[in-house]
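Student: My structure is below; once you've seen it, I'll send some questions.
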Amino acid sequence: MIDKQFDKETFKKSVKDNVKFLYRRKLEEATQEQLFQAVSYTVKDVIIDNWLDTQNAYEAQDPKIVYYMSMEFLMGRALGNNLLNLGAYGEVKEALEELGIDINALEDQEPDPALGNGGLGRLAACFLDSLATLGYSAYGCGIRYRYGMFKQEIRDGYQVEVPDAWLEEGYPFELRRPEYAKEVHFGGYVRVEYDQATGQNKFIHEGYQAVKAIPYDMPIVGYENNVVNTLRIWDAAAIEEFGFDSFDKGDYKKAVEQENLAKDIVNVLYPNDNKMSGKELRLKQQYFFVSASIQAAIEKYKKTHDDIKKLHEKVVFQMNDTHPTMAVAELMRILMDQEGLGWDDAWAVTTKCVAYTNHTIMAEALEKWPIELFSRLLPRVYQIIEEINRRFIIEVQNKYPGNYEKIKKMAIIYDGQVKMAHLAIVAGFSVNGVARLHTEILKNQELKDFYEMMPEKFNNKTNGITQRRFLLHGNQNLAAWITDHIGPDWITDLSQIGKLKVYADDEKALQEFMNIKFQNKQRLAKYILEHNGVEVDPHSIFDVQVKRLHEYKRQLLNILHVIYLYNQIKLHPEMEFYPRTFIFGAKASAAYERAKKIIKLINCVADVVNNDPSINGKIKVVFIENYRVSNAEMIFAAADVSEQISTASKEASGTGNMKFMLNGAPTLGTMDGANVEIVEEVGQENAFIFGMSADQIINYENHGGYDPDFIYNTDAEIRQVLMQLINGTFSSDTELFRDIYDSLLNTKNCSRADQYFILGDFRSYAEAQKRVEAAYKDEKKWAKMALLNTACSGKFSSDRTIQEYVDDIWHLDKVTVTKSSEAAEK
Ligand code: T68
């Protein structure tokens, strides 16, 4: 334990003072929102002291810094997490109780900063938590979107997107840093000038539009170690405040343009996951935060170091997918045009500073930008990429003389497009996938040519999650129980959780473990009643699929199976059937019509099934509105079964799978992504695996041959389920689900019927679901399985993942931070 961060009485006084100064009110008169703000400011005060101490420690020890560059950081709420990591949650909870304030209600006041879509953004947030906890110097670099991920409302069963104005009331855990503002330039042209003095050409960017990037810093509190790192997200503003100045000079139009450009850039997060959005504004967003972040990093480096050629000794940029890949060219530009390095020196530094993580093999997610757009928006950056491409093609030619296929497949610029993944691989010194299977597919399929040419760059870093948010905070009862049994070390070293294995046959322990699960299920049932108006029985099996809605994740397989079960129960009312609650939570990208239809289908099935008295409440279907980090914490804690049913080879890793496992929910899943490693840790007998393998799927894809129509024609029960999509069973509008039906069959002679092998895996899935039921009926067996899932989850901490990044890629130095108050006392 670290020293007390809060004195209770001082804390209470500070909260009262804040209410008074901020709102001119007495504590008793303050609204919940005002109390949340007042308490948060008090907590922020303590954080700021640690933040300063951390800065001082870093300045004294001069460690290497990782800049984690990401378009997305899905942070979730900060108040509770910060208190936990400060080691002050218990004290503060008590102090608040004495003031008559309920800490849970207060936490619920906080907007959920949702500057991300799904797995990729949440991974970035877990990484920041682990970096701070392990004592590494790190910056998260991103965008301060005015509107994050939309709020999802379900109206008449349909998803409706509502803007997420998370900043409206003011966000207490951020600090505006206008003194670190940077300029970012768009458009214009490049003038080449011969420099007599050096005998070199100079490239001068002119006629551009400038935008000011203003950083906001959010503290990232390490777990009980005094470390506070920084998430730096950039806001945009016009260079000249829009005012009389430009108006008088007749520059009114330009001033308005700059103002609008700035507003647009940071206005909203693109709500796609695993899909590239080819919009000009998206490209602007990318360059905007990349340029500002790199400028800031170089400025910081130069304050205390004078040899820019040694930048890589102190700085590494990790590119979270290809979205920040402009970093390559931007770093080259700054090194050459501003720092005066020649191409070779600049390239030597750049290629030692940048590394790339791939998160997907889905073709539609691979970033390609039209040359026309790219070169118009970023003329100098484009010029540099052209030169990188020219030199790379020569290398390819040297290595594979006369092999033009190679050039066609590997060039960075080809067919009028800039391929960002190719740029990232060519310039990066490390290329990693996010689970073992995914990395193997990259090496042997998707990026085969690159792997053959530069095998030394490729490596795997299996994803992880932070146990501090997803167990210590999200499942406080289980966390306390674990600490009672094995001590608190698991909080910062999840491999310790393996010590729970000795309780796998201890009846009392198993009973307690399942009691906690039951309490968590009651909490979720209450939430569902309040938010959905549906009553669910906490004694039923909570079978949960929560994640973004995407066809490859196969929520459709799940709901079609629900329909199949419903048919079975109706046909055989006497059949033994253990009551089941199917819980879904998912946002669909606003423009993804079929995904939105699947949400509507789930809700239509829910309507029919939940209100059919003839099935005696044996099945309930619930769609939880607005799935997000804050309710996710509660959902994982309450789950019995974790649905991880993506088409094998499509889910790069998954991280929800790990959160369920940590909370004692066995996986019902395919051999995809990190499921493979989960099964390896927990054992086949403690998971429910089904479906085609990645090899089988890839084989079908490469050679054709999969025929869903055959299954449709030969399996009457499956055919019945599909017919029910278009015969009025779930909607009086028989055309409503026609598109879904068509997508599964060759009705339109389309070549990619049932692209995600839903019919192909259906029987195997149904059979695995039967195994789930049989296992659950055996209470002791189930309890053991659940406990072993928690006990075997040690590998899946993001602390482990980050340590691997540090050891293999970043080579950072560990830093210890002592509190200055303590230091002064010594
Ligand atoms: C996810 N990717 C992977 N992408 O799907 C998941 N894409 O398997 C993996 O566990 C996770 O990354 C972390 O590695 C995404 O979440 C996106 O959200 C995204 C966003 C914009 C553009 C493309």
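The values are calculated or read from the model by the stated rules, or taken from the named source; none is laboratory data. As the structure is a computational prediction, the values presented were derived from the model and not from experiment. Please note: Cβ atoms are built from the backbone with ideal geometry, for glycine as well, and neighbour counts cover all protein chains shown.
Student: Which one is farthest from Gly533 (Cα to Cα), of the residues in the range 144-154 that are buried (at least 24 other Cβ atoms within 10 Å of the Cβ) and within 16 Å of the ligand (Cβ to nearest atom)? Steps first, please.
Tutor: So the first thing to find is which residues in the range 144-154 are buried (at least 24 other Cβ atoms within 10 Å of the Cβ), and the list is 144-145, 148-149.
If we keep only those that are within 16 Å of the ligand (Cβ to nearest atom) too, we end up with 145, 148-149.
Values: Tyr145: 33, Gly148: 27, Met149: 25 Å.
Filtering the range 144-154 for residues that are buried (at least 24 other Cβ atoms within 10 Å of the Cβ) and within 16 Å of the ligand (Cβ to nearest atom), the one farthest from Gly533 (Cα to Cα) comes out as Tyr145.
Student: Looking only at the range 125-141, decide whether some residue is in contact (Cβ under 8 Å) with a residue 24 or more places away in the chain and more than 26 Å from Thr818 (Cα to Cα).
Tutor: no
Student: What do you reckon, is Asn463 of a type in the set (S, T, N, Q), in a loop (DSSP other than H, G, I, E, B) and either in contact with a Lys or Arg (Cβ under 7 Å, 6 or more places away or on another chain) or crowded, with 19+ Cβ neighbours inside 10 Å (or both)?
Tutor: The answer is yes for Asn463.
Student: Quick check: is even one residue across the range 199-208 part of a strand (DSSP E or B), among the β-branched types (Val, Ile, Thr) and buried (at least 18 other Cβ atoms within 10 Å of the Cβ)?
Tutor: No, there is no match, as no residue in the range 199-208 is part of a strand (DSSP E or B), among the β-branched types (Val, Ile, Thr) and buried (at least 18 other Cβ atoms within 10 Å of the Cβ).
Student: For the range 395-445, which residues satisfy the criterion of being in contact with a Leu (Cβ under 7 Å, 6 or more places away or on another chain) and within 16 Å of the ligand (Cβ to nearest atom)?
Tutor: Matches in the range 395-445: Ala421, Gly433.
Student: Let me ask something else about it. Determine if the range 299-317 includes at least one residue that is hydrophobic (A, V, I, L, M, F, W, C) and free of Cβ contacts under 8 Å to residues at least 40 places away in the same chain.
Tutor: no
Student: Further question: Taking the range 649-690 on its own, how many of its residues are away from the ligand (no atom under 16 Å from the Cβ), among the small types (Gly, Ala, Ser) and closer than 23 Å to Lys443 by Cβ?
Tutor: Count: 0.
Student: Write out, first by first residue and then by second, each pair whose Cβ atoms fall under 6 Å of each other, whose residues are 6+ apart or on separate chains, and whose first residue, in the range 508-527, is in the same structural domain as Thr581 (by TED's automatic domain parsing) while the second is not in a helix (DSSP H, G or I).
Tutor: Lys521/Pro538; Lys521/Phe542; Gln522/Pro538; Ala525/Val536; Ala525/Pro538
Student: Can I ask one more? Looking at the structure I just gave you, is Ala296 out of contact with any Leu (no Cβ under 8 Å at 6 or more places or on another chain), at pLDDT 95 or above and in the same structural domain as Pro178 (by TED's automatic domain parsing)?
Tutor: In short, yes.
Student: Are there any pairs, at least 6 apart or on different chains, whose C-beta atoms fall under 6 Å, with the first in the range 268-285 and assigned by TED's automatic domain parsing to the domain that holds Asp321 and among the aliphatic types (A, V, I, L, M) and the second assigned to a loop (DSSP other than H, G, I, E, B) and within 9 Å of the ligand (Cβ to nearest atom), and if so, which?
Tutor: Met276/Glu367
Student: Output the residue which, of all residues in the range 579-596 that are crowded, with 21+ Cβ neighbours inside 10 Å and either among the charged types (D, E, K, R) or outside the structural domain of Lys547 (by TED's automatic domain parsing) (or both), is farthest from the chain's Cα centre (by Cα).
Tutor: Result: Arg580.
Student: Can I ask one more? Which fully enclosed strands (runs of 3 or more DSSP E) of the range 332-433 have 3 or more residues being surrounded by 19 or more Cβ atoms within 10 Å (Cβ to Cβ), touching a residue at least 60 places away in the same chain (Cβ under 8 Å) and not charged (D, E, K, R)?
Tutor: 354-357, 431-433
Student: Additional query: For the range 701-724, which residues satisfy the criterion of being hydroxyl-bearing (Ser, Thr, Tyr) and touching a residue at least 12 places away in the same chain (Cβ under 8 Å)?
Tutor: Tyr706, Tyr712
Student: Further question on the same structure: If we scan the range 102-115, do we find a residue that is crowded, with 19+ Cβ neighbours inside 10 Å, among the small types (Gly, Ala, Ser) and within 16 Å of the ligand (Cβ to nearest atom)?
Tutor: Scanning the range 102-115, I find at least one residue that is crowded, with 19+ Cβ neighbours inside 10 Å, among the small types (Gly, Ala, Ser) and within 16 Å of the ligand (Cβ to nearest atom), so the answer is yes.
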